[in-house]
Amino acid sequence: MGEILKLENVSYTYGAGTPFEKTAVKDINLTFNSGDFVAIIGHTGSGKSTLVQHFNALLPPTSGTVYINGEDINQSAATRRAARFACGLVFQYPEYQLFEETVFLDIAYGPKNMGLSEIEVKRRVLAAAEAVGIDALTLEKSPFDLSGGQKRRVAIAGIIAMEPEILVLDEPMAGLDPKGRDEILDMIKNYHDKHKTTIILVTHSMEDAARMANRIVVMCDSSVLLDGTPGEIFARHDLLTKSGLDVPQITSVLIELKNRGYDVDTSVYTIEGAKEQLMKLRGKLC
Amino acid sequence: MLKDITLGQFFPGNTFMHKLDPRVKLVVCFVFIIVLFITENLAAYALAALFIILGVKVSKTSPKMLLKSLKPIMFLVLFTSILNIFYIEGEVLVRFWILKVTKEGLMTAFYMTSRIIMLVCATSLLMYTTSPISLTDALEHLLAPLNKVKFPVHEFSMMMTIAMRFIPTLIEETDKIMAAQKARGADFESGNIFARAKALIPILVPLFVSSFRRADELATAMECRLYQGGEGRTRLNVLKLTKYDYVFMVFSAISFVLMILLNVVGI
């Protein structure tokens, strides 16, 4: 698995030169490998959303370089445009960007902008609709007549239809009910399993990150605080709590056990792992 | 690109200018503009410029921001001054081809340009140092006499307040939607005028939809708090003139009278 996206010393400052000047991203070095499922975690205002807008050249870094497949994406208008299609970015509350008369046309907006043939556009729209679970009947409806969860799926399909090499989702579950959240998460997971697309998921839920990702990047105060596998990350719960983040509930149970003097591994973050730990503990105690 | 709009942007601060009563600032700004238009005299204009520079210094506004607010009117300024230079009859200074530059033309162009620039500077200064809310508050107070002729002053100023309150929100929203559509490969910068106008549809439709949604939500929220117009409504912050306001009023009045005097004497 090769490098697909690479950030070198990327910094970004909003409103440079005005009284509202604010550094949102500070000296970030990150490398993402092809096929990875990475979660970017951080509390509100830690710079996650600003960071991901650098991945597809929506924001040019104030300093530093972003590479996709080894090529600097901010060289010219053409490379920036190519980056938009190579790295599909689903914004927060993406349902607010729907505008077309029918769901089909809205999903087709991205592929059409890529200059694809009509047949190819149609194939991609249908494939994307299937991936997010939108049926043929819904494709002919107006996007404004759908429910919130369905609108969200349509918006995500609009990005998936561009068939990007990297799919970035900024808080795709925000504002959905628990069922809607699970559906969206499962959909993303299935999509990753099927297409092996690199997925970068921005979230502030440790539970979701633990469940989905094979790597977690923790952002705090505009910089990367931690970067590693879920096990490595949750083992540093002291640091996570300090930066205003939680560990998954199951991990906090184990941490509390450990604090009370029981010998358990606190880097566990799945129910299965915890069960194993508890069984082991039981074996030792009885 | 939308972030470059600076007119009507408030920069919070704690200077003399910020502390002034918005009514006083509004009236002084208004009178200043009137005085600018009735005078046409070098010394008076120098005094006016001094007045503005003093305002900038006292309010700690960065001159850069002020220059930025002048950018959008540069075309208007150039256009009027060029027209004035070539089309006003009088003592001819330079002549080439069918064009001639007259002394009167040059002078008028100079006055027009200074007038527009100082007008924009004064209003920008007012906007930079006064929050939109207190500005409309001041407006409501000043227009209160119109209530007698059945003009809905309160409703009018509430509309203004809401409109101003939503300018930054809408700008932010537009930025967000633009970024989202750009992420889908939208292209706003190339193509002819029709292609560009068509490229705006993916921004305008969601913007309208969300504006209506916001308006609806705000109306509900206001009703939930039993809003029913201005009748019998008390205020949280009652506007009151302080020592600063009197100092400022007297200072401004002296400056304006001086400007008019200079104009009459004609130095």
Exercise. Being small (Gly, Ala, Ser) and within 14 Å of chain B (Cβ to nearest Cβ), is that true of even one residue in the range A:31-43?
Worked result: no
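What about B:LEU143, is it over 28 Å from A:PHE20 (Cβ atoms), assigned by TED's automatic domain parsing to the domain that holds B:LEU50 and surrounded by fewer than 16 Cβ atoms within 10 Å (Cβ to Cβ)?
Values: over 28 Å from A:PHE20 (Cβ atoms): yes; assigned by TED's automatic domain parsing to the domain that holds B:LEU50: no; surrounded by fewer than 16 Cβ atoms within 10 Å (Cβ to Cβ): yes.
No, not satisfied.
Those residues that are exposed (fewer than 11 other Cβ atoms within 10 Å of the Cβ) and over 16 Å from B:THR161 (Cβ atoms), I need them from the range B:206-227; list them, please.
Within the range B:206-227, the subset exposed (fewer than 11 other Cβ atoms within 10 Å of the Cβ) is B:212, B:216-217, B:220-221, B:223-226.
Hits for the range B:206-227 are B:PHE212, B:ASP216, B:GLU217, B:THR220, B:GLU223, B:CYS224, B:LEU226.
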Exercise. Scanning for something surrounded by 14 or more Cβ atoms within 10 Å (Cβ to Cβ), within 8 Å of chain B (Cβ to nearest Cβ), closer than 25 Å to A:ASN190 by Cβ and within 21 Å of the chain's Cα centre (by Cα), does the range A:97-109 turn up at least one residue?
Worked result: yes
Seminar exercise, completed: Residue pairs within 8 Å by beta carbon, gap of at least six or interchain, first lying in the range A:232-250 and farther than 16 Å from A:ALA39 by Cα, second among the β-branched types (Val, Ile, Thr) and not in a helix (DSSP H, G or I), listed first then second, are A:ALA235/A:THR266; A:HIS237/A:VAL247; A:HIS237/A:THR266; A:THR241/A:VAL247; A:SER243/A:VAL218; A:ILE250/A:VAL268; A:ILE250/A:THR270
Problem set entry | Residue list for the range A:53-83, filter: surrounded by fewer than 22 Cβ atoms within 10 Å (Cβ to Cβ) and in a helix (DSSP H, G or I) | A:ALA77, A:ALA78, A:THR79, A:ARG80, A:ARG81, A:ALA82
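Could you check how many residues of the range A:115-143 are within 14 Å of chain B (Cβ to nearest Cβ) and surrounded by fewer than 19 Cβ atoms within 10 Å (Cβ to Cβ)?
3
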Exercise. Which residues, counting only those in the range B:23-66, are in a helix (DSSP H, G or I), within 30 Å of A:PHE20 (Cβ to Cβ) and not hydrophobic (A, V, I, L, M, F, W, C)?
Worked result: B:ARG23, B:LYS25, B:GLY55, B:LYS57, B:SER59, B:PRO63, B:LYS64
Exercise. Conditions: (1) part of a helix (DSSP H, G or I); (2) in contact with a helix residue (DSSP H, G or I) (Cβ under 9 Å, 6 or more places away or on another chain). A:ILE119 meets all but one. Number of the miss?
Worked result: (2)
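Quick grid of which residues meet (1) out of contact with any strand residue (DSSP E or B) (no Cβ under 6 Å at 6 or more places or on another chain); (2) closer than 17 Å to A:ASP221 by Cβ:
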site: A:LYS22; (1), (2): no, yes
site: A:LEU30; (1), (2): no, yes
site: A:ILE40; (1), (2): no, yes
site: A:GLY47; (1), (2): no, yes
site: A:THR50; (1), (2): no, yes
site: A:ASN56; (1), (2): no, no
site: A:GLY64; (1), (2): no, no
site: A:TYR67; (1), (2): no, no
site: A:GLY70; (1), (2): yes, no
Exercise. What is the number of the single condition among (1) more than 24 Å from the chain's Cα centre (by Cα); (2) within 30 Å of B:LEU26 (Cα to Cα) that B:VAL250 does not meet?
Worked result: (1)
For this session: Search the range A:233-270 for residues being among the aliphatic types (A, V, I, L, M) and under 23 Å from the mean Cα position of the chain (by Cα), and hand back the single one that is nearest to A:ALA213 (Cα to Cα).
Result: A:ILE233
Exercise. Quick check: is even one residue across the range B:105-126 modelled with pLDDT under 85, touching a Phe, Trp or Tyr at 6+ places or on another chain (Cβ under 8 Å), surrounded by fewer than 18 Cβ atoms within 10 Å (Cβ to Cβ) and in the same structural domain as B:THR15 (by TED's automatic domain parsing)?
Worked result: no
For this session: Could you please find all residues in the range B:146-166 being in contact (Cβ under 8 Å) with a residue 12 or more places away in the chain and loosely packed, with under 13 Cβ neighbours inside 10 Å?
Result: B:GLU155
For this session: Of the numbered conditions (1) at negative phi; (2) out of contact with any Gly (no Cβ under 9 Å at 6 or more places or on another chain), A:GLY133 fails exactly one; give the number of that condition.
Result: (1)
Seminar exercise, completed: Those residues of the range B:217-238 that are more than 14 Å from chain A (Cβ to nearest Cβ) and assigned to a helix (DSSP H, G or I) come to a total of 7
Seminar exercise, completed: Across (1) assigned to a helix (DSSP H, G or I); (2) at pLDDT below 90, B:PHE208 clears everything bar (2)
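Yes or no: the range A:186-193 includes at least one residue that is within 14 Å of chain B (Cβ to nearest Cβ) and closer than 26 Å to A:ILE68 by Cβ. Step through it out loud before you land on a result.
As a first pass, look at the range A:186-193 and keep what is within 14 Å of chain B (Cβ to nearest Cβ): none.
The answer is no, given that none of the residues of the range A:186-193 is within 14 Å of chain B (Cβ to nearest Cβ) and closer than 26 Å to A:ILE68 by Cβ.
State which residue is farthest from A:GLU163 (Cα to Cα) when the search covers only the range B:164-213 and only residues that are basic (Lys, Arg) and either at the interface with another protein chain (Cβ under 8 Å from one of its Cβ atoms) or in contact with a strand residue (DSSP E or B) (Cβ under 9 Å, 6 or more places away or on another chain) (or both).
Initially, the range B:164-213 is screened for residues basic (Lys, Arg), giving B:165, B:176, B:182, B:184, B:196, B:198, B:213.
Filter again for either at the interface with another protein chain (Cβ under 8 Å from one of its Cβ atoms) or in contact with a strand residue (DSSP E or B) (Cβ under 9 Å, 6 or more places away or on another chain) (or both), leaving B:176, B:182, B:184.
On the way: B:LYS176: 22, B:LYS182: 16, B:ARG184: 11 Å.
Restricting to residues being basic (Lys, Arg) and either at the interface with another protein chain (Cβ under 8 Å from one of its Cβ atoms) or in contact with a strand residue (DSSP E or B) (Cβ under 9 Å, 6 or more places away or on another chain) (or both), the top hit is B:LYS176.
The values are calculated or read from the model by the stated rules, or taken from the named source; none is laboratory data. Since we're looking at a predicted model, the values are computed, not measured. A quick note on method: Cβ atoms are made from the backbone with ideal geometry, for glycine too, and the neighbour counts reach across all protein chains shown.
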